């Protein structure tokens, strides 16, 4: 795939067994739907290159929540990254390898 100018900056993410939480900041003029669609295409190609018989990767659509200026980004990132804890997958986020945040 040709290089694509990123339309968003990833602030943090966590990959759960059946979904993804992604906190991002759209660049000026970028559209959320197009950004998510591009991420799904790139991820699907990567997954299928490593697992050719992979089942469908994504469900249709996505759920979004827009943060307001007064919302605390770091608090939201902590909430996102703590999902494996709340789901009972691990006792410490340090033991869950499928997340990252720009504040580290």
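Here, each number is a calculation from the coordinates, and none is a lab measurement. None of the values given here were measured: they were computed from a predicted structure. Quick reminder, even Gly has a Cβ in these numbers, built from the backbone with ideal geometry, and neighbours come from all protein chains shown.
For the chain, which semi-axes, largest first and in whole Å, follow from the square roots of 5 times the eigenvalues of its Cα gyration tensor?
Over the Cα atoms of the chain, the semi-axes work out to 23, 21, 12 Å.
Test of understanding: in a Gaussian network model of the chain with alpha carbons linked when under 10 Å, which of 48, 37, 68 would top the mean-square fluctuation ranking?
Residue with maximal mean-square fluctuation among 48, 37, 68: 68.
Mind checking the full-extension length gain between residue 91 and residue 103? Use 0.36 nm per residue of separation minus the Cα-Cα distance, one decimal, nm.
Computed gain between residue 91 and residue 103 is 2.2 nm.
Output the peptides 87-96, 38-47 sorted from most to least packed, where packing is the average of other Cβ atoms within 10 Å over each peptide's residues.
Ranked by mean Cβ neighbours within 10 Å, highest first: 38-47, 87-96.
Do the sum for the chain: with -39,500 (n - 2.57) for every DSSP H run of n ≥ 4, divided by all residues, what is the mean residue ellipticity at 222 nm, to the nearest 500 deg cm²/dmol?
Helices in the chain give a 222 nm mean residue ellipticity of -9000 deg cm²/dmol.
What is the fewest-to-most order of 70, 50, 31 by other Cβ atoms lying within 10 Å of their Cβ?
70, 50, 31
Which whole-number percent is the relative contact order of the chain (Cα, under 8 Å, 6+ apart)?
37
Ranked from highest to lowest mean number of other Cβ atoms within 10 Å per residue, what is the order of the peptides 74-81, 97-104?
In decreasing order of mean packing, 74-81, 97-104 become 74-81, 97-104.
So if each residue of separation counts as 0.36 nm, and I subtract the Cα-Cα distance between residue 9 and residue 73, what length gain in nm does that give?
Going from the current span to full extension adds 21.7 nm.
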